[in-house]
Amino acid sequence: MRRIFSALSLLLLVGCGGESVVEDGGVDEDAATPMDAATSMDATVRTDGAPAPDGGPVGDASPGEDAAMADDASADDAGTRCSSDGECADTAYCAKPGCDARDGACVTKPTVCTDELDPVCGCDGRTYSNPCEAAAAGVNVAARGACAVDGGAPDGGSGGCRTNADCARTDYCAKAAGDCMGSGVCTARPGVCPGIFDPVCGCDGTTHSNACVAGSRGQNVASRGECGATSCALTPMTSCCFEDTDCASPGGPSRLRCEGAMCAPGGEGTCVDAVLPRDRCWNDGDCGSGRTCMGPNRCPCGARCLVPDSPGTCR
């Protein structure tokens, strides 16, 4: 807010028609220019309903105008240099290039994030499902990938957890889609999700409106589509599959099964050997309770790989 400061005893104003003297710090309104009048009004009127700091009148702005002014203030705050979140608006945080960076800039927190699984480790030591979720929580990113130690959770295998009980109350044990019984990584439950209907069947046997919503409820995705669907209606790419029947050999039973598929565009898996030697595996489900499948090698659908597919070992 701008203010008009005058001399302690005399203020001499020179106009086009002469000069006018105002005593005791006042302003002669007849001698003030239009800019002076605007500035004086700006100095004494507030529109937030609070008493003016210098005893001037209180403004009568409507609630809508107040909200607009708040939005403008938040927008003005974005991009401002900062060293802590306290220097930014409530809807923003101090975004920095790293945890040890001294200075950053105020950035508005996202209000909607996708359900993309691209985990990052936040500067608070927690794993977030993607950079947007970290920003929505007002947390800067320490590194790509899950945190090595997340909230003090016990090691439930190579991924850090096996159930939600291994994680902090605000996290869940995030796993690859379709791997309900395997190991995962303690990840912060999404706080904001897109309002789209892309149904998934959760590992709890419940249909959720999309994968992000399932994660916000602490549930992993068992399969795309609503629960109870008996088959995938999509046609896979050549040499790929959505379900075991896509791997069947013409005229006889198949020794292959579909691995790593989700019934969604681009979610094809690959056909792998269905008959495995003892203690060999393609996923944790092949190993039984309490064991983890280590080191399987499977060429993704549509990729050209030099190394042939080979199962992992149950440990």
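Could you go through the range 279-286 and let me know if any residue there is over 32 Å from the mean Cα position of the chain (by Cα) and polar (S, T, N, Q). Checked against the condition, which is being over 32 Å from the mean Cα position of the chain (by Cα) and polar (S, T, N, Q), the range 279-286 yields no hits at all. Would you check if there is a residue in the range 278-286 being over 26 Å from residue 172 (Cβ atoms), at pLDDT below 85, assigned to a loop (DSSP other than H, G, I, E, B) and not assigned by TED's automatic domain parsing to the domain that holds residue 129? Looking for residues that are over 26 Å from residue 172 (Cβ atoms), at pLDDT below 85, assigned to a loop (DSSP other than H, G, I, E, B) and not assigned by TED's automatic domain parsing to the domain that holds residue 129, one finds none in the range 278-286, hence no.
Of all residues in the range 262-285, those that are touching a residue at least 40 places away in the same chain (Cβ under 8 Å) have Cβ atoms under 7 Å from Cβ atoms of residues that are assigned to a strand (DSSP E or B), 6 or more apart or on another chain, in 262/223; 262/224; 263/223; 263/224; 264/224; 267/224; 283/293; 284/293. Assess whether residue 302 counts as being surrounded by fewer than 19 Cβ atoms within 10 Å (Cβ to Cβ), under 32 Å from the mean Cα position of the chain (by Cα) and in a loop (DSSP other than H, G, I, E, B). Yes, satisfied.
Selection of first residues in the range 119-143 that are without any contact (Cβ under 8 Å) to a residue 12 or more places away in the chain and part of a strand (DSSP E or B) and of second residues that are among the basic types (Lys, Arg) and surrounded by fewer than 21 Cβ atoms within 10 Å (Cβ to Cβ), restricted to Cβ pairs under 8 Å at least 6 apart or on distinct chains, gives an empty result. Selection of the range 287-308 for residues being at pLDDT below 85 and over 23 Å from residue 240 (Cβ atoms) yields 288, 289, 290. Taking (1) in contact with a helix residue (DSSP H, G or I) (Cβ under 8 Å, 6 or more places away or on another chain); (2) of a type in the set (A, V, I, L, M); (3) exposed (fewer than 15 other Cβ atoms within 10 Å of the Cβ) in turn, residue 237 satisfies each apart from (1).
Taking each residue of the range 213-232 that is at positive phi and looking for partners that are assigned to a loop (DSSP other than H, G, I, E, B) and not aliphatic (A, V, I, L, M) with beta-carbon atoms closer than 7 Å, six or more apart or interchain, yields 218/189; 225/199; 225/263.
If I ask for residues that are of a type in the set (Gly, Ala, Ser), touching a helix residue (DSSP H, G or I) at 6+ places or on another chain (Cβ under 8 Å) and buried (at least 22 other Cβ atoms within 10 Å of the Cβ), which ones from the range 184-201 would you list? Residue satisfying the conditions is 188 alone.
The residue of the range 85-136 that is modelled with the lowest pLDDT, among those that are among the hydrophobic types (A, V, I, L, M, F, W, C), under 15 Å from residue 192 (Cα atoms) and surrounded by fewer than 21 Cβ atoms within 10 Å (Cβ to Cβ), is 117. The residues of the range 211-222 that are part of a strand (DSSP E or B) and either in contact with a helix residue (DSSP H, G or I) (Cβ under 9 Å, 6 or more places away or on another chain) or buried (at least 22 other Cβ atoms within 10 Å of the Cβ) (or both) amount to a single one, 221. Quick one: in the range 174-197, of everything that is touching a strand residue (DSSP E or B) at 6+ places or on another chain (Cβ under 8 Å) and of a type outside the set (Gly, Ala, Ser), which residue is farthest from residue 128 (Cα to Cα)? Checked the range 174-197; the qualifying residue farthest from residue 128 (Cα to Cα) is 180.
The values are calculated or read from the model by the stated rules, or taken from the named source; none is laboratory data. Here the structure is a predicted model, which is why all the values come from computation and not from measurement. No Cβ is skipped: glycine too gets one built from the backbone with ideal geometry, and neighbour counts run over all protein chains shown.
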